[in-house]
1. Quick check on region 267-286. Is at least one of its residues at pLDDT below 95, surrounded by fewer than 17 Cβ atoms within 10 Å (Cβ to Cβ), of a type in the set (Gly, Ala, Ser) and not in a loop (DSSP other than H, G, I, E, B)?
2. Go through Asp54, Asp49 for me and flag whichever is acidic (Asp, Glu), at pLDDT below 95 and under 18 Å from the mean Cα position of the chain (by Cα).
3. For region 19-34, how many residues are part of a loop (DSSP other than H, G, I, E, B) and more than 18 Å from Arg107 (Cα to Cα)?
4. Could you please tell me which pairs satisfy a Cβ distance under 9 Å, a separation of 6+ or placement on different chains, a first residue in region 110-136 that is more than 22 Å from Gly201 (Cα to Cα), and a second residue that is of a type in the set (D, E, K, R) and in a helix (DSSP H, G or I)?
5. Checking the structure you have, find out if any residue of region 226-234 is assigned to a helix (DSSP H, G or I) and closer than 18 Å to Thr161 by Cα.
6. Of the residues that sit in region 235-266 and are assigned to a loop (DSSP other than H, G, I, E, B) and not aliphatic (A, V, I, L, M), which one is surrounded by the most Cβ atoms within 10 Å (Cβ to Cβ)?
7. Can you go through Leu8, Leu22, Leu30 and tell me which one is farther than 29 Å from Gly153 by Cα and either at pLDDT 85 or above or hydrophobic (A, V, I, L, M, F, W, C) (or both)?
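The values are calculated or read from the model by the stated rules, or taken from the named source; none is laboratory data. These figures come from a predicted structure and were not determined experimentally. In this analysis, Cβ positions are derived from the backbone assuming ideal geometry, glycine residues included, and neighbour counts consider all displayed protein chains.
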Amino acid sequence: MIQSEADLADSHPGFSPRVWRLAHGRSLELGPRGYLKAIVNVTPDSFSDGGRFDNVGQAVDAAEAMVAEGAVIVDIGGESTRPGADPVDAATEQSRVLPVIKALAGRGDVILSIDTYRSDTARLAVEAGAHVINDVWGLQRDPEMASTAAELGAGLCIMHTGRERQKAADVIEDQHLFLARSLEFAREAGVKDDAIVLDPGFGFAKDADENIVLMARFAELHDLGYPLVAGTSRKRFIGAISGRDMDRRDVATASTTAMLRLQGAAIFRVHDVAANKDALAMADAVVAQRISGARK
């Protein structure tokens, strides 16, 4: 028996087609297949790739290689968000990221994301060619970020964080409490629903147990009503579980990509594109079978 689209969406949350609207007239259909977002940190001190891409040429070459390996989105950051990292000012951040964005802008095969919590950096990045704003403080650090995203028509990745606040005891309850406030800011500023994706912020003021609970209960986040992003790549909790050092966590990361895709995650923020592409291909084959079986 063929199910309606509504029944299919209820049976398989996260897998029904949904268009994500981005800046510069771009869009991406989420749901039936997953996508990889490659990490390019133009910083000297990011937790995994700090110093690897600390000039424009290296960062552009890395981004192009990741796209060739299968990344559809490239997330470019100019300030480390690891715990204890030294903050940088807006001018330094912008001097790092804007030349990279300008060099990559115009490539029709890549969507560019700016990883920043500063509205002025976000504005300059989108004007330079970025399509997405990725805010690790969920619109709650810079009061102008939501209105900037709305004005520019940018795609918006709103991330959960537990930093600098009292968290609820239950992991999923805390997601709802924090992200509900972020979504209220977005709506009040005029951000369209189809511009928004949500990231539960693996590793951001969450210990290993909390991260595993978040993975186990990830599907519950579909109640928020938006496509979901997973950013587990090489995180400390993966090291705690696998016993692997930072540079040997890609296999375990890829396993989380497959597990979270089967729970409906749409986008995966990763360092090693090739390994995660293979894991995602296997998970997507299972997703396709589920969807096909639901329609019979």
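1. no
2. Asp49
3. Number of matching residues: 4.
4. Val110/Glu64; Arg123/Glu151; Ala128/Lys102; Gly129/Lys102
5. No: zero hits.
6. Top of the filtered list is Arg249.
7. Leu8
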